[in-house]
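Working notes for the structure below.
The values are calculated or read from the model by the stated rules, or taken from the named source; none is laboratory data. Because the structure is a prediction, the values reported are computed rather than measured. So basically every Cβ, Gly included, is an ideal-geometry build from the backbone, and we count neighbours across all protein chains shown.
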Amino acid sequence: MTISLSPDPVGPDPVGPDPVGPVPRRDDAEDFAIWPASARSAADGDATVGGVSLAEAADRFGTPVYLLDEDEVRERCRTYRAAFPDADIVYAAKAFLSRAVAHWVREEGLGLDVCSAGELGLAVATGFPPERIVMHGNAKSPDDLRAAVRLGVGRIVVDSASEIARLAAIVPPDSRQQIMVRVVPGIAAGGHTAVRTGTDDQKFGLSIADGSAQHAVARILGQPRLELVGIHCHIGSQIATVKPYVAAVRRMVGLLARVRDQHGVELPQLDIGGGHAIAYRPGERPLPVGILAGRVRAELEDGCARARLPVPRLTLEPGRAVIGPAGVAVYRVLAVKRTGERTFVAVDGGMSDNPRPALYGVRYTPRLIGRRSAAAPGLVTVVGRHCEAGDVLADGVPLPGDVRPGDLLAVPAAGAYHLSMASGYNLVGRPPVIAVAQGRARVLIRRESLDDMSRRDIGL
Ligand SMILES: *Cc1c(COP(=O)(O)O)cnc(C)c1O
């Protein structure tokens, strides 16, 4: 049976505001509510993030450009560690990974979730301790699994029955690989059907309801080279309320008790995934992490006491909530088109650097920067430059009525699932990523050139 718990990801949260959320800012608080905590307005309509002027960054690095506020990322890592002092916090690399980001999260004491040999290789090559890495994926290739075992990743999360035998064959005879089983707890939650992964009608995990999770547990326990350390679930993404997590913990503890009853094994770990919502538009509420911590801990302790189980060590896997609010994209306006009913403002990026609007229909809140305007605001549609009608960044957002080509638009909440999902569509080339902190800007990833792209095109 599936319980539907989070129909409205932006609706009122009965549990109130987040006690461990960022401290309200002194100035600009309302204007910059969904920006990095360091965001400030500056002279002549400019804004700064990490002490770096967005207009200057646009001039210096070109547009589109992505800025990543290092202190914001680090502070978010610390918030999780403080809220869950006894848990492993594992950053989900697929939200955005670069060598610098791997260093930041490692220095803040987090682990890393990867889902390919590529993400794994990048992390290990830059010095990330493999034992703090968790490998995921609904369809890991033999290469992915071999790389994971060879490089010594801490835990591999098994997502299908066929993976069990494959893994057992890869692990050398004299060693053991720690394993978790990805379980479908039957909880519907998440901001869009494409990111709801807690129910039986999607591709991830092994179902409790039909017994395949229990079957996988039994098979792994029968493999001497595989050490089953716990069970895992990830119920979805952009989940704004605590309830689905509490419900998932209850179901997972139920499964831990059944494993104990059937096999006499008390599994020491429980991984409840990530999926914590952030605010993309003013008025939206992030998942309150401090309240999540309290409720999850209470449910876990009560449930384990009732089932007479030892409390397992928790793992959480936030991706978006660590990196999303730290990113700001800056675009330049290329065209303004006024039709009968609408004003379209077209910018020099779009779905090749941020496919989320086209994939999930999400919308953002761009802000004019770099000049002051006294013009009355009008509602506009901000579109990308790509050859798809779904390439829409914002709909019905207010911008000054005199918005014109050459203007700069900044888009907050741009740190997660933009560049990690970027494509080569229209051969526009992916934008650079610039780290900003304490008034300094440094290039993490340079702009992709035509030369980069044509280098792979080797046939004629
Ligand atoms: C994507 C994913 C996450 C992170 O999700 P966010 O919404 O970015 O927090 C964590 N765990 C697993 C298994 C995932 O697939």
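At a glance:
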item	result
Any hit, region 187-200, residues being among the polar types (S, T, N, Q), at pLDDT below 95, in contact with a strand residue (DSSP E or B) (Cβ under 9 Å, 6 or more places away or on another chain) and buried (at least 16 other Cβ atoms within 10 Å of the Cβ)	yes
Count of region 224-249 residues which are in a loop (DSSP other than H, G, I, E, B) and under 20 Å from R166 (Cβ atoms)	2
Matching residues in region 54-97 - criterion: being surrounded by fewer than 24 Cβ atoms within 10 Å (Cβ to Cβ), acidic (D, E) and more than 15 Å from the ligand (Cβ to nearest atom)	E56, D59, E70, D71, E75, D86
Filter result for A248 (buried (at least 19 other Cβ atoms within 10 Å of the Cβ) and more than 19 Å from the chain's Cα centre (by Cα))	yes
Long-range neighbours under 6 Å by Cβ, at least six apart or interchain, first residue at negative phi within region 445-460, second outside any loop (DSSP other than H, G, I, E, B) and loosely packed, with under 13 Cβ neighbours inside 10 Å	M453/L427
Strands (runs of 3 or more DSSP E) completely within region 344-460 that count 1 or more residues being in contact with a strand residue (DSSP E or B) (Cβ under 9 Å, 6 or more places away or on another chain) and within 26 Å of V322 (Cα to Cα)	367-369, 392-400, 408-412, 433-437, 440-445
Enumeration of residues in region 272-320 that are within 16 Å of the ligand (Cβ to nearest atom) and in a helix (DSSP H, G or I)	V289, L292, A293, V296, R320
Residue in region 332-355 that is touching a residue at least 12 places away in the same chain (Cβ under 8 Å), surrounded by fewer than 24 Cβ atoms within 10 Å (Cβ to Cβ) and under 15 Å from the mean Cα position of the chain (by Cα) present	yes
Subset of region 260-271 (residues that are outside any loop (DSSP other than H, G, I, E, B) and of a type outside the set (A, V, I, L, M))	R260, D261, Q262, H263, Q269, D271
Residue in region 393-407 that is within 16 Å of the ligand (Cβ to nearest atom) and either free of Cβ contacts under 8 Å to residues at least 60 places away in the same chain or touching a Gly at 6+ places or on another chain (Cβ under 6 Å) (or both) present	no
Any chance D174 is free of Cβ contacts under 8 Å to residues at least 12 places away in the same chain, out of contact with any Asp or Glu (no Cβ under 9 Å at 6 or more places or on another chain) and in a loop (DSSP other than H, G, I, E, B)	yes
P185 vs. criteria within 16 Å of the ligand (Cβ to nearest atom) and under 23 Å from the mean Cα position of the chain (by Cα)	yes
